[in-house]
1. Which of the GluC sites (Glu not before Pro) found in region 138-217 are loop residues per DSSP with 14 or fewer other Cβ atoms within 10 Å of their Cβ?
2. For labels at THR225 and SER2 in the simple 7 Å Cα→Cβ model, what's the distance in nm?
3. Taking the Cβ-Cβ separation of GLU315 and LYS38 as r and a Förster radius of 45 Å, what is the calculated FRET efficiency to the nearest 0.05?
4. Would you grab the residues whose amide H sits under 5 Å from the one on LYS6? Only those 5+ places off in sequence or on another chain, please, with H modelled 1.01 Å from N.
5. Taking the Cα atoms of the chain, what is the range of coordinates along each of the three principal axes, in descending order and whole Å?
6. Sort out for me the Cα centre separation of region 42-90 from region 274-328, rounded to whole Å.
7. Give the aspartates and glutamates reachable from LYS331 as a straight Cα distance under 15 Å; neighbours fewer than 8 places away on the same chain don't count.
8. Multiplying the sequence separation of GLN376 and GLN336 by 0.36 nm and subtracting their Cα-Cα distance, what value in nm do you get?
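Read the figures in this text as sums done on the coordinates, not as results from a lab. Small disclaimer: the values here were computed from a predicted structure and weren't measured. Here the Cβ is made from the backbone with ideal geometry for all residues, glycine too, and neighbour counts use every protein chain on show.
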Amino acid sequence: MSIIGKPVEEIPTPALILDLEKFQWNLDKMFKFARKAKVNVRPHAKTFKAAAICNKLIEAGAYGIMTQKLSEAEVLLNSGILYGDKNILISQEISDPTKLERLVGMTVAMGEGKVLTSLDNLQEAEMISRIAERWGVKQDVIMEITHGRCGVSPGEDAVKMAKRIVKLSGLRFRGIYGYENPVPRETALERDKLTVDTAEAIREAGIEVEIVSAGSTATFEVTGTYPGITEIEPGSFVFGAGKEGSGYGWETINDVYFKNSLTVLTQVISDNFQNRVVTDAGAKVMSGGHAGVEPVVLVQADGEYLDFERVGLSEEHGTIYFKEGDPNRNKLRWGQKIQFTPNHCCTTVNQHDEIVVVKDGYVCAVWPVTARGQYQ
Ligand SMILES: Cc1ncc(COP(=O)(O)O)c(C=O)c1O
């Protein structure tokens, strides 16, 4: 039976809930900023994985979409969201020849320029080029500049690599990306400088660099206003999940603020003790995502945030603990439906088939998590 039109209290728990107005507020904030800063936004779909959300972002002004995985790109591309000149950029390197066939196959089927892939290795570049030549197409590529994970060292190494890439006739070199991680302002600036200087050095070698991508939710303002960055690639801003809307839940970096639009609705199933109540949402529906970080950062009951000591997760139980005598405990009762904010939105979304969309306390839509479990 459909839950559309029902009040939140009637949604079976546990369920992943999106507050449509807060979500929209987050999009408005990001795209208002981007228009003013004159920077493109390529939201990272590894966060939300839902075609409906990609669609909303494209409507809001997204330049394209980023995915981490080839299979995410396949599923989202096949869902028909990337109409017109919108394209998809796969940010993770690929070293499996079978996957590279799939990559170029997408370009053959959907048209040149629809899918870009990032690389940091000449072998990968040569393999892609051979496959593309065989099909008679050009595969768009972008080179990753490292800031501690994959990628080519900024500067000379990157220039050398770009020179070799442009010689490969199956490839079209579109630019570089240098994801600087959710870091403090000064670090982001240092890393953006390395990325932008590298783009300049490649241009000085006579190679066109159209795309210079970087940035995350935590650094969108720093990076989005850095001269020479052409696009930013934030993901978790759509959910603003976490205590201070930083996307990760335990701290605000660079004073970034987005509204917490994503919660897990859960029901109190046991309330026999003064120090705790037990709910039906455990680790199977919420992910801490980061070692040493509390898995739940906020608890909401009857529309109000509640103070608590901690939430302990076992597989199917979420237990809220209170300090002795804490009056907050008395705000919770057996059968009540409450909301948890998990500290890491991206890994939590990937645990759900659907996102229940709520406006003014009523369900207006259920969005499939289209690319759920696409790890390949
Ligand atoms: C390559 C890349 N770009 C962008 C992002 C977006 O980060 P956030 O979700 O913090 O906005 C990530 C996050 O892991 C990433 O790996």
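1. On the way: sites: GLU144, GLU156, GLU180, GLU186, GLU190, GLU200, GLU204, GLU208, GLU210; in loops: GLU180, GLU208, GLU210.
Taking region 138-217 and a limit of 14 other Cβ atoms within 10 Å, the loop GluC sites (Glu not before Pro) found are GLU208, GLU210.
2. Distance between label points: 4.6 nm.
3. Details: r = 48 Å, r/R0 = 1.07.
The formula returns an efficiency of 0.40 here.
4. When sequence neighbours closer than 5 places are left aside, the close amide H contacts are VAL363.
5. So the extents along the principal axes, rounded to whole Å, are 71, 46, 35.
6. A separation of 33 Å, based on Cα centres.
7. Partners within reach: ASP271, ASP302, GLU304, ASP307, GLU309.
8. Working: separation 40, 0.36 × 40 = 14.40 nm, distance 3.95 nm.
Here the segment from GLN376 to GLN336 would lengthen by 10.5 nm.
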